[in-house]
Amino acid sequence: MQASPSSPLIKVALVEDDAYFQQAFQDAIAQAADMQLVSMSGTLAQGLAALEHGAPDVLLVDIGLPDGSGIDLIRAAHARYPACHSMVCTTFGDEAHVMRSLEAGASGYLLKDSAPARIVDEIRSLHGGGSPISPLIARQVLMRFRGKPQPAEPAPAVSTAAATTATTTTGLSARETEVLEYITRGFTAEEIAGLMQISRHTVLTFVRRIYAKLEVHSKAEAIFEARNRGLIRE
């Protein structure tokens, strides 16, 4: 999209600790003639400090920051700059995080299975008065108001049985279990991203969460633990 000479640039602030996402998003913004990345922070403290220098038009925030929750940043931005549009971009798709974010003042909620270029389009929508929400999240919100329970994540594409076992024994989500199976079968992060139709940085985020939940520090240890616990098919 080309910016009109009379149209001011959309000022965007990013608060995200994932270096891969930071770079991918920065590259996507550089290709958007109608936007300007005014600040990029990796922690809650840095994000709060950036707000001291003025209000962005759009604040894009991850929830899981090293020193706290991005929800606190959304709440602070909403209180100080009511005209600032906040949008979550995260791997957390559970109802609790969704509802807390919306209550704090978020106007959009995206999962990180969206490509950075798609997120840029959603920023335009948000700035124009829309409320971009990933389909899975939108369904959760609708089901909540209908009074019906809704699973936080969709069924896995690889192995339903393995995903069910992982959820009950280790807390792995369906998508994390799917990534774990691909890792065990020898696929690289790039190949897994292509197979699951998500970005590489999202795959790496899932990998870090898998390591943390299995209490391991390498791919070999993760594979050993997964087989030892019967989490994956042989």
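The values are calculated or read from the model by the stated rules, or taken from the named source; none is laboratory data. What you see is a predicted model, and the numbers here were worked out from it, not measured in a lab. Please note: Cβ atoms are built from the backbone with ideal geometry, for glycine as well, and neighbour counts cover all protein chains shown. Note: accessible area is taken over every heavy atom of the protein model, side chains too, but ligands, DNA and RNA are not part of it. Shrake-Rupley method; radii C 1.70, N 1.55, O 1.52, S 1.80 Å.
Summed over segment 197-234, residues that are in a helix (DSSP H, G or I) and touching a residue at least 60 places away in the same chain (Cβ under 8 Å) total 7. With respect to being modelled with pLDDT of 95 or more, open to solvent by 10 Å² or more (accessible area, probe 1.4 Å) and in a strand (DSSP E or B), Q36 fits the description. Across segment 95-130, what is the number of residues that are not basic (K, R) and not in a helix (DSSP H, G or I)? Number of matching residues: 13.
Note on segment 108-142: among residues that are more than 20 Å from L37 (Cα to Cα) and of a type in the set (V, I, T), the one that is most open to solvent (accessible area, probe 1.4 Å) is I133.
When we screen P56, P82 for residues that are part of a loop (DSSP other than H, G, I, E, B), surrounded by fewer than 19 Cβ atoms within 10 Å (Cβ to Cβ) and of a type outside the set (V, I, T), the only hit is P82.
Of all residues in segment 201-230, those satisfying the criterion of being polar (S, T, N, Q) and surrounded by fewer than 18 Cβ atoms within 10 Å (Cβ to Cβ) are S218, N228.
Being crowded, with 18+ Cβ neighbours inside 10 Å and either of a type in the set (G, A, S) or on the phi < 0 side of the Ramachandran plot (or both) holds for only one residue in G47, G64, and it is G47.
To keep it simple, each residue is scored yes or no on (1) over 22 Å from I137 (Cα atoms); (2) without any contact (Cβ under 8 Å) to a residue 40 or more places away in the chain.
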| position | (1), (2) |
| --- | --- |
| S7 | yes, yes |
| I10 | yes, no |
| Q22 | yes, yes |
| D62 | no, no |
| L73 | no, no |
| L102 | no, yes |
